[in-house]
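Structure record follows, encoded as structure tokens.
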Amino acid sequence: MQKITRPSDLNVLREKLLEEKHSKLEKEISFIIGYGTCGKAAGADKILDVVKDLVPNSNITTVGCIGMCWAEPLLDVVYPGGMRVSYMKVTEKVVEEIVKTALSGEVYKENIVGVIDLKKELFGEKQRYFGYKSLWDHDFYKKQERIVLKNCGLIDPENIEDYIAVGGYRALAKVLADMKPEEVIEEVKKSGLRGRSGTGFPTGFKWELVAKQKDETKYVVCNADEGDPGAFMDRAVLEGDPHSVIEGLAIAAYAVGAKKGFIYIRAEYPLAMERLTIAINQAREKGLLGKNILGTKFSFDVEIRAGAGAYVCGEETALMASIMGFRGEPWLKPPFPNEKGLWEHPTVINNVETLANIAWIINNGYKEFRKYGTEKSPGTKVFSLAGRVKHTGVVEVPLGITLRELIFDIGGGISNGKKLKAVQTGGPSGGVVPPDKMDTPIDYESLTPIGTIMGSGGVIVLDEDDCMVDVAKYFLTFTQAESCGQCIPCREGTKRMLDILTNITSGNATIEDLDLLEWLAKYVSKASFCGLGKTAPNPILTTIRYFKNEYISHINDKYCPAGACKDLVSYYIDEKLCKGCTLCLRSCPVGAIRKEGKIFRIDTEDCIKCGICVNACSFNAIKTKGVA
């Protein structure tokens with residue numbers, strides 16, 4: 001792979017690559033398979049094998065997730081002329097039909113989710129749409145604005161030339177050729193970009209603090225330790241567009257005067273690690289990492305460090321301790337990392353999404369960036385939608401959009417015809433938001449008064465079958481297990497709170513226990529050493545604030561209204577609603593349902609409370625009641 005030795009050579013290469021793409025789009029048919037973790041989990045490996053068997057000599061590309069995790073597996077056909085037809089939820093049999101039809105010059109008409117005009121995307125040359133709507137007109141995308149995700153699902157993440165062709169490394173070339181480090185920092189400061197890892201600290205200001213340090217040795221770090229349950233935004237970016245993060249990290253290094261960078265990524269992300277490794281090696285081969293980048297005096301290289309899955313290592317000081325080979329425990333601050341970080345040298349730490357914004361800001365200017373979002377929270381934010389929502393996936397929206405728009409307009413509403421009960425934002429560090437707060441804007445300022453945070457961007461949708469006490473217990477089980485144990489309030493407080501929640505969900509608690517739980521949650525929040533302990537009580541405090549009646553029902557009535565806490569629920573058949581169809585009897589895995597004449601009954605001693613009979617009954621005849 002030939003090195004690029006001057007910024008101007010990068011532009012020459014880009015023009016050449018675009019010319020080649022234009023020629024291929026005119027003549028060749030090609031196939032693209034969504035091959036992120038979500039696609040592979042849905043069966044993308046089998047889809048890829050089928051396509052390879054049918055057209056072994058064809059142009060086949062694998063890409064990261066385009067955001068529509070709910071529609072996987074995804075297969076796209078790019079026809080001569082540049083029209084990319086996207087097919088959703090494809091099976092092996094359907095793939096055969098799609099490929100055979102495409103090779104005959106026709107379009108398979110089923111399973112189409114939308115069409116992308118690649119000539120318009122790359123060259124501004126609008127083509128025909130075969131009579132189908134643009135993918136970007138789908139409800140899932142209508143309110144999205146893709147800055148961080150602009151390339152995800154559209155380029156080959158394992159081919160650096162794909163990234164260069166769509167403008168990759170242009171921002172790095174620009175800052176090295178035309179901008180002083182302080183000018184780069186000023187541009188980022190003016191953009192108002194805030195850290196996307198949860199705290200929202202101004203990125204440009206953080207860079208400035210490190211740049212002003214006199215120490216000649218400085219470091220930049222990408223925090224890719226995405227540990228929140230239900231969060232997969234950073235994974236999608238690293239799997240779909242790793243070079244955008246590398247470019248952002250290199251620009252950060254130039255701005256602050258660092259020569260070495262680290263990407264700290266959890267080992268549970270093997271595909272992301274693989275693609276990052278490929279991207280770093282390709283960037284070195286092209287002369288975009290290493291010594292005298294693009295023929296300038298700037299030298300910078302990157303090293304990957306794999307984390308062992310400790311949630312606490314998402315905290316910046318614990319992360320640095322882990323990078324240096326120590327136990328992942330938070331340090332006492334001050335001094336802050338901008339003064340003494342890795343090996344006691346000034347260190348900048350930004351997360352994946354923050355860094356993926358940098359090149360766009362440099363290329364387009366801070367004024368364009370501030371056109372999105374709000375005055376205090378400019379730009380966009382990437383969220384992962386999970387839980388009881390129809391369109392699970394990764395979305396990028398302007399900050400300030402409401403929870404209602406995110407869940408119902410983009411997410412398609414609640415799945416299975418159920419009613420919305422709550423939305424959990426910010427993962428274990430966040431809280432639950434009830435239905436009457438759905439018009440709250442999503443930004444750094446608006447969520448705090450209602451008891452939650454935006455966090456890194458995980459959004460879990462809950463419906464009427466979810467128990468709020470059980471939800472609090474789930475998140476506290478996670479944070480209690482992930483506590484590093486360094487400070488007593490977190491180590492002992494989370495354990496005691498979990499004990500109380502366990503007693504409540506098993507019917508062994510009193511009202512006094514509920515009072516103690518709330519008091520303890522507030523104490524742990526105030527007295528814990530680091531952010532993990534300080535925010536661990538949030539799910540408890542918000543569920544008590546908005547769903548206290550459920551706690552009281554568990555304690556006084558020995559009943560879980562959602563039917564989730566099995567110790568507090570028994571099943572019975574309402575004889576007035578039962579039609580005698582025998583569906584429940586045939587579905588019961590343990591034979592606990594018996595027919596007595598024309599009546600069906602559930603033997604409570606044999607019943608394992610699995611709920612299968614409830615789902616099998618078409619007449620809503622199977623009910624729950626308390627055990628008291």
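The values are calculated or read from the model by the stated rules, or taken from the named source; none is laboratory data. Note that the structure is a prediction, hence the values are computed from the model and not measured. With ideal geometry, Cβ positions are generated from the backbone for all residues, glycine too; neighbour counts draw on all protein chains shown.
Quick notes on this structure:
- Filter pass, Gly39 being touching a residue at least 12 places away in the same chain (Cβ under 8 Å), in contact with a Leu (Cβ under 7 Å, 6 or more places away or on another chain) and not assigned by TED's automatic domain parsing to the domain that holds Leu385: yes
- When Val94, Val12, Val90 are checked against the criterion of being among the aliphatic types (A, V, I, L, M), buried (at least 21 other Cβ atoms within 10 Å of the Cβ) and more than 18 Å from Glu121 (Cβ to Cβ), a single residue qualifies: Val90.
- Region 304-331 - residue that is in a loop (DSSP other than H, G, I, E, B) and either aliphatic (A, V, I, L, M) or not assigned by TED's automatic domain parsing to the domain that holds Gln282 (or both) and, of those, nearest to Ala253 (Cα to Cα): Met324
- Single unsatisfied condition, Asn549 versus (1) surrounded by fewer than 14 Cβ atoms within 10 Å (Cβ to Cβ); (2) touching a helix residue (DSSP H, G or I) at 6+ places or on another chain (Cβ under 7 Å); (3) within 30 Å of Gln480 (Cα to Cα): (2)
- Scanning region 352-375 for residues that are in contact with a Lys or Arg (Cβ under 7 Å, 6 or more places away or on another chain) and either of a type in the set (A, V, I, L, M, F, W, C) or under 17 Å from Cys222 (Cβ atoms) (or both) yields Glu353, Thr354, Ile362.
Matching residues to (1) among the acidic types (Asp, Glu); (2) touching a residue at least 24 places away in the same chain (Cβ under 8 Å); (3) farther than 30 Å from Phe232 by Cβ:
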| site | (1), (2), (3) |
| --- | --- |
| Ser134 | no, no, no |
| Leu154 | no, yes, no |
| Pro157 | no, yes, no |
| Ile160 | no, yes, no |
| Tyr163 | no, yes, no |
| Gly168 | no, yes, no |
| Glu182 | yes, yes, yes |
| Gly204 | no, no, no |
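- Looking across region 264-303 at every residue that is in contact with a strand residue (DSSP E or B) (Cβ under 6 Å, 6 or more places away or on another chain) and assigned to a loop (DSSP other than H, G, I, E, B), the one that is nearest to Met179 (Cα to Cα) is identified as Leu289.
- Of the set (1) crowded, with 24+ Cβ neighbours inside 10 Å; (2) of a type in the set (Gly, Ala, Ser); (3) within 24 Å of Ser377 (Cβ to Cβ), all apply to Ala279 but (3).
- Some residue of region 388-399 being surrounded by 19 or more Cβ atoms within 10 Å (Cβ to Cβ), touching a helix residue (DSSP H, G or I) at 6+ places or on another chain (Cβ under 9 Å) and within 30 Å of Ile555 (Cβ to Cβ): yes
- Meets criteria (surrounded by fewer than 19 Cβ atoms within 10 Å (Cβ to Cβ), among the hydrophobic types (A, V, I, L, M, F, W, C) and within 25 Å of Val12 (Cα to Cα)) for Leu154: no
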